[in-house]
Ligand code: ZN
């Protein structure tokens, strides 16, 4: 494999000592720099606010891109088979001299409790008490083309083929490394905020549910999705930009369930575009500038802006059920805005990137004030909610409704379920009773009007099917409050939560003009969070609101509690709440067999070319080459490496220069598992219009596992295409 090897993230005593030393040194340096900076600013013409200390970091967190289910559409056929774009974890550390907060957005489907607990364990070993449950927020961008396998609750393990150490390890190490990098480059700097709207990039995919919210409430908003992009611009003391952190509510499902290449989808590609823009000349995933695009209240928000249609007839789908007269739910799919999913991903990503860049360029409202962080664990299966002065209500043990199995118009279920089911189907109810057990009357009543399909809260074998203990957390960065949401909040749920948190934070009068943002898919995954009114309709999002109709009310109460504690300076007195379990590895199951030994056709070697490139291409063409290959799972830890290089020849120096890797948008690395354990790899290079004319070649770097005697041995191999010419298009006009 090419590329430099990464620093090992395992923790040895030596490393721990070095880390401790580094912390002390950083603290000393930081104090000195702060003092210098403060004295400098005092000499300036205008009184300025004290700077923060800011660190940004990005690290590769791509796991083995083969055979592991992709996480999002819950489709066991959608297993990884290559890479379109790599996945990165992006970390932002901010320090006000007294307190420190860390925000991480990673190109993954969602954060899981397991992943968070594993990351916190490594951070504890490396940094002691510096990075903790209360001051670290981990969030997922919600790409549906990242690997699964990093969960400990049974339902998620089933849809990931179990707990898969190799994919979990890549995420833990990638996330920790992004924090390490941010930690090491922490320096005095400033934060500026800006916000604006982005049109034509999102639609509501459950407008029927949204319409069930009170008219008075809906009248306050001009759209049924949130259009705002909130941007934080990070600069050093010279005013040079070092990073951007942004929030926009849209599902990262521009790539649909037919895709098998690992991809960071629209949000990750927006990060990529801005980073490429700022880190001129750097290969993707390299360069100092870090651009994080975080998920938000995207629960009912689709990027498929042309909306749903019956693919067999071209007619509109049923409004309530999103089903078609012929073919049912399966035929109702949403598309757009592009001609295919790559095109759609690119259009949405470019929209987000361009708007964020504009807002970044004009951001001049400085974020000032102290940092705070508040975190609690809550048993969400058992919260008493004060509905009004006289009434209380309760949350329920987790359960999923019938409409969960219908999926959404962004990717439907395969069985004959429809959205909007408030009555169970006797056929499926009977199967459920036999296979999984009948939900108790108490749970059925608690979830009303949801007909329960998966009674996950009462299913505890081999391990609990869903979490009871959930993280609630707020980071306050001066005047910006980051609310870490443990799932997918719908548009209106997010609005209510933002408003509640703002009200509590400002209630004491000390904090003013607070901007509240929702960071979705943070810390733990608990599916969806709809409003009480949306829940009554029981479309997919309501059916997936697992703690029952009062789930949102319970969260409003819990987050209000955190916000009040911050406003009153009482965070230290917040009880931690019930600690979530970290199940022993031996209790987790793995349904993914080890990767088989590789075979190759007779008289060939791994890396041999099976299908050669053409001698000449024009810009805009696709160069393609196929190699005899091994299973990419045999390549082990692939972070910071590449399976692919596209290289240009420099005549003057007689050298080859790498212009693309497997992280590049322009390359598509596809692994094709053939019969009899033979497999091959096809590399496509979608030659950009601005590519320089010249001589090129494509290389593939991999590993194959074969028997040597009776011992399986993994050996690296390389393959290279013939040299081909790329000519500007005008040569052929
Ligand atoms: Zn989702």
query = If the Cβ limit is 6 Å and pairs must be 6+ apart or interchain, which residue in region 260-277 that is closer than 14 Å to residue 247 by Cβ pairs with which residue that is at pLDDT below 95 and crowded, with 24+ Cβ neighbours inside 10 Å?
reply = none
inquiry  = Testing residue 467 on (1) at pLDDT 95 or above; (2) outside any loop (DSSP other than H, G, I, E, B), one condition comes back false. Which one is that?
reply    = (2)
From the options 159, 235, residue that is more than 30 Å from residue 632 (Cβ to Cβ) and either buried (at least 17 other Cβ atoms within 10 Å of the Cβ) or out of contact with any helix residue (DSSP H, G or I) (no Cβ under 6 Å at 6 or more places or on another chain) (or both) = 235
request  = With the condition kept exactly as written, say whether any residue in region 549-572 is under 30 Å from residue 455 (Cα atoms) and within 16 Å of the ligand (Cβ to nearest atom).
outcome  = yes
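For every residue, the table says whether it meets (1) touching a residue at least 24 places away in the same chain (Cβ under 8 Å); (2) part of a helix (DSSP H, G or I).
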{"residue": "57", "(1), (2)": "yes, no"}
{"residue": "62", "(1), (2)": "yes, no"}
{"residue": "77", "(1), (2)": "no, no"}
{"residue": "105", "(1), (2)": "yes, no"}
{"residue": "108", "(1), (2)": "yes, no"}
{"residue": "114", "(1), (2)": "yes, yes"}
ask   = Filter region 248-270 for residues that are within 16 Å of the ligand (Cβ to nearest atom) and not in a loop (DSSP other than H, G, I, E, B); which is farthest from residue 682 (Cα to Cα)?
value = 267
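In region 622-733, which strands (runs of 3 or more DSSP E) lie fully inside it and hold 2 or more residues that are closer than 17 Å to residue 612 by Cα, in contact with a strand residue (DSSP E or B) (Cβ under 9 Å, 6 or more places away or on another chain) and assigned by TED's automatic domain parsing to the domain that holds residue 63?
none
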note = Considering only helices (runs of 4 or more DSSP H) wholly within region 137-243, the ones with at least 3 residues that are within 16 Å of the ligand (Cβ to nearest atom) are 154-159
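Among the residues in region 295-303, are any away from the ligand (no atom under 16 Å from the Cβ), part of a strand (DSSP E or B) and in the same structural domain as residue 245 (by TED's automatic domain parsing)?
From region 295-303, those away from the ligand (no atom under 16 Å from the Cβ) are none; that's our starting set.
No, there is no match, as no residue in region 295-303 is away from the ligand (no atom under 16 Å from the Cβ), part of a strand (DSSP E or B) and in the same structural domain as residue 245 (by TED's automatic domain parsing).
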Counted residues, region 95-112 - those being out of contact with any helix residue (DSSP H, G or I) (no Cβ under 8 Å at 6 or more places or on another chain), within 15 Å of residue 484 (Cβ to Cβ) and surrounded by 24 or more Cβ atoms within 10 Å (Cβ to Cβ) = 4
task = Filter region 500-547 down to residues that are within 16 Å of the ligand (Cβ to nearest atom) and in a strand (DSSP E or B), then give me how many there are.
result = 7
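The values are calculated or read from the model by the stated rules, or taken from the named source; none is laboratory data. If you're wondering where the values come from, they're calculated on a predicted model, not measured in any experiment. When we count neighbours, we look across all protein chains shown, and the Cβ atoms used for this are built from the backbone with ideal geometry, even at glycine.
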